[in-house]
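Heads up, the thing below is written out as C-alpha cells.
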Amino acid sequence: MPRRLPRSALVLSVAAIVLACASTPAPPPLDGTWAITSATLGGKDLPVTVFGNSRLQLAAGKYVFQNDTGEYAVIPGTQPAAMEIRGQHGPNAGKTFPAIFQLQADTLIVCYDLSGAARPKALASDSGTQLYLVRYTRSTS
C-alpha cells in the first residue's frame, strides 16, 4: 500500500516551490515603443527637438532607433538594474555599451557609457564623461 506524506510536508513543499519562483525575478517589461523626454550627455542637457519624432523600439532583445539597430540584454540580479547594448547595423555597429536603467510604470531611465569602458554607477551624466542619460516615456504611437 502506498505511503502518504503528511499534510504538513505537502504544504512545506508547495511553499518552497512558491518561494523559489518568487526569488527569481522576471526581466523587466522593456518591450515597447519609447519616446525621449530628456537627454544629457557629459553633464550637458540636449534639446529633445534634435531627436524629432524618433522612437526607441525594444522587442525580444532587439532595439531600433533611427538607423541604428542591435541587441540588448538585461543582466539579471544586478543593482542597479543593468543591461548591455550591442550595435549591429548603423553608426553603432560593432560597439558595446554597458548601461544601467530604472523602469517605473511608463518611464524608463537609462544611463549608457558611450565610451564602452565601464558600467555607470548611478543614473547621472557627469561633466567630462561620455555618460549618456536618457529619460523615455512609453509611447502609444
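Laboratory data are not the source of any read-out in this text; all were calculated from the coordinates shown. What you see is a predicted model, and the numbers here were worked out from it, not measured in a lab. So basically every Cβ, Gly included, is an ideal-geometry build from the backbone, and we count neighbours across all protein chains shown.
Structure summary
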{"item": "Check on Asn53, surrounded by 17 or more Cβ atoms within 10 Å (Cβ to Cβ) and over 16 Å from the mean Cα position of the chain (by Cα)", "result": "no"}
{"item": "Odd one out for Leu103 among (1) out of contact with any strand residue (DSSP E or B) (no Cβ under 7 Å at 6 or more places or on another chain); (2) over 19 Å from Ser139 (Cβ atoms)", "result": "(2)"}
{"item": "Selected residue [within 18 Å of Ala117 (Cα to Cα) and either in contact (Cβ under 8 Å) with a residue 12 or more places away in the chain or among the β-branched types (Val, Ile, Thr) (or both)] from Asn92, Asn67", "result": "Asn92"}
{"item": "Index of the failed condition, Lys62 passing every other in (1) within 12 Å of the chain's Cα centre (by Cα); (2) farther than 22 Å from Thr137 by Cβ; (3) without any contact (Cβ under 8 Å) to a residue 24 or more places away in the chain", "result": "(2)"}
{"item": "Test: residue in region 110-128 that is of a type outside the set (A, V, I, L, M, F, W, C), farther than 17 Å from Ala39 by Cα, touching a residue at least 24 places away in the same chain (Cβ under 8 Å) and crowded, with 17+ Cβ neighbours inside 10 Å", "result": "yes"}
